[in-house]
Amino acid sequence: MRIKAVVTDLDGTLLRSDATLSPYAASVFNGWIERGGAAAYATARSHVSAHPIVKPIRWRQPLIVYNGAMLLDPADRRVLGGSWLDPAATGELLALGRARGLSPFLFLLDREDTERVLHEQLVREGERAFFASRPGDPRFRELERLTCPEDCRTLIVTYIGRYEELKALQDAAKAALDERIYTHLMKDRYIPDHYFLEFSHPRANKRDGLRLWCELTGIDPQEVLVFGDQINDVGLFELAGTRVAVEGAHPSLLDLADAIAESNDADGVARYVARHLLPQS
């Protein structure tokens, strides 16, 4: 099958190490889109966080955000679908963290489909650094005691901290909630010596996000070329027809990859698209 769509991870893959998009990458992707190709990103970020960085690309297809928990129309930011963590499970995750002196960021959709991020007072280094990296973000709201509002849908429960404390919390959550949650523990690329621990609905992952994306666009997964670098991109690689890892990617991706592109700082994704999908002059 010929490739009809390109779906790429952002941080560490399309974006450079300073979390910026190169003009060259924007030009290549816009060239692919203008020639009728479909393009989207699949990211752990929200649209609010990703859009200011990647807005030079004229995205037309649904976007996969929050690690697959939600799909969004880039034109009007309309929620097209997703998988929400049930309130009871959210409450249990908050209690498990509180018992260990930890408090998360709670990413939600309210009744109007507006994204919210609720949190308690930020006193820990990692949490403060994450908040500081999103200046002026209207989603964030501090509560005296964090709870899940009954009229909201949980996208992701995110803890930030050191590996040992988060691994212990992850193990406890798996023992308590088992198949009711999807969990992902990953080293943060921007906060030194810190990790992200995320909990979401079992179908809130990039594999199921891409499957829903294909249903919405009518594009067969075998016609999709995906790019990634981290273990949370494994689902993309398992479903898509063509899988390309960037240089230095997680070994799990390298084992699944059909090809290896140059690093994100060398614009590996854009160079691969230019070489293999765009007409050569």
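Before moving on, here are some points about what is shown:
- Estimated distance in nm for a label pair at Val123 and Ala95, the labels positioned 7 Å out from Cα along Cα-to-Cβ: 2.3
- Under the criterion of Cα pairs below 8 Å and six or more residues apart, the relative contact order for the range 87-200 equals 29 percent.
- Relative contact order [Cα under 8 Å, 6+ residues apart], the chain, whole percent: 22
- Only Lys, Arg (+1) and Asp, Glu (-1) charged, at Cβ; the chain dipole about Cα centre in debye: 480
- Cα lying deepest toward the dipole's positive end in the range 31-91, options Gly68, Ala88, Pro52, charges on Cβ: Pro52
- Semi-axis lengths, largest first, of the ellipsoid equivalent to the chain are 32, 19, 18 Å, with √(5λ) applied to each eigenvalue of the Cα gyration tensor.
- Farthest toward positive dipole pole in the range 120-212 [+1 Lys/Arg, -1 Asp/Glu at C-beta], among Ala173, Ser200, Ala132: Ser200
- Packing rank of 226-233, 21-28, where each peptide gets the mean count of other beta carbons within 10 Å, highest leading: 226-233, 21-28
- In order along the range 24-29, the phi-based Karplus estimate (6.51 cos²θ - 1.76 cosθ + 1.60, θ = phi - 60°) of 3J(HN,Hα) comes to 5, 4, 4, 5, 5, 5 Hz; Gly and Pro are listed as x.
- Neighbourhood net charge (15 Å Cβ-Cβ; Lys/Arg +1, Asp/Glu -1) for Pro149: -4
- Every helix of 4 or more DSSP H residues in the chain counts as -39500 (n - 2.57), and over all residues that averages to -9000 deg cm²/dmol at 222 nm.
- Cβ-Cβ FRET estimate between Glu179 and Glu150, R0 fixed at 25 Å, reported to 0.05: 0.60
- Gyration tensor verdict on the range 87-200 (Cα atoms; rounded if a/c is under 1.5, prolate if a/b is larger than b/c, oblate otherwise): oblate
- Ordered by the count of other Cβ atoms within 10 Å of each Cβ, fewest first, Glu164, Glu115 give Glu164, Glu115.
- Net charge contributed by nearby residues that have their C-beta within less than 9 Å of Arg16 (K/R +1, D/E -1): -3
- Within the straight-line cut-off of under 27 Å between alpha carbons, the lysines reachable from Lys187 are Lys55, Lys167, Lys174, Lys206, sequence neighbours fewer than 8 places apart in one chain being disregarded.
- Extension gain (nm, one decimal) between Arg134 and His276, 0.36 nm per residue minus Cα-Cα: 47.6 nm
All of the numbers you see were taken from the coordinates with simple rules; none came from a lab. All figures in this text were calculated on a predicted structure; none of them were measured in a lab. All Cβ positions, glycine included, derive from the backbone under ideal geometry; neighbour counts span all protein chains shown.
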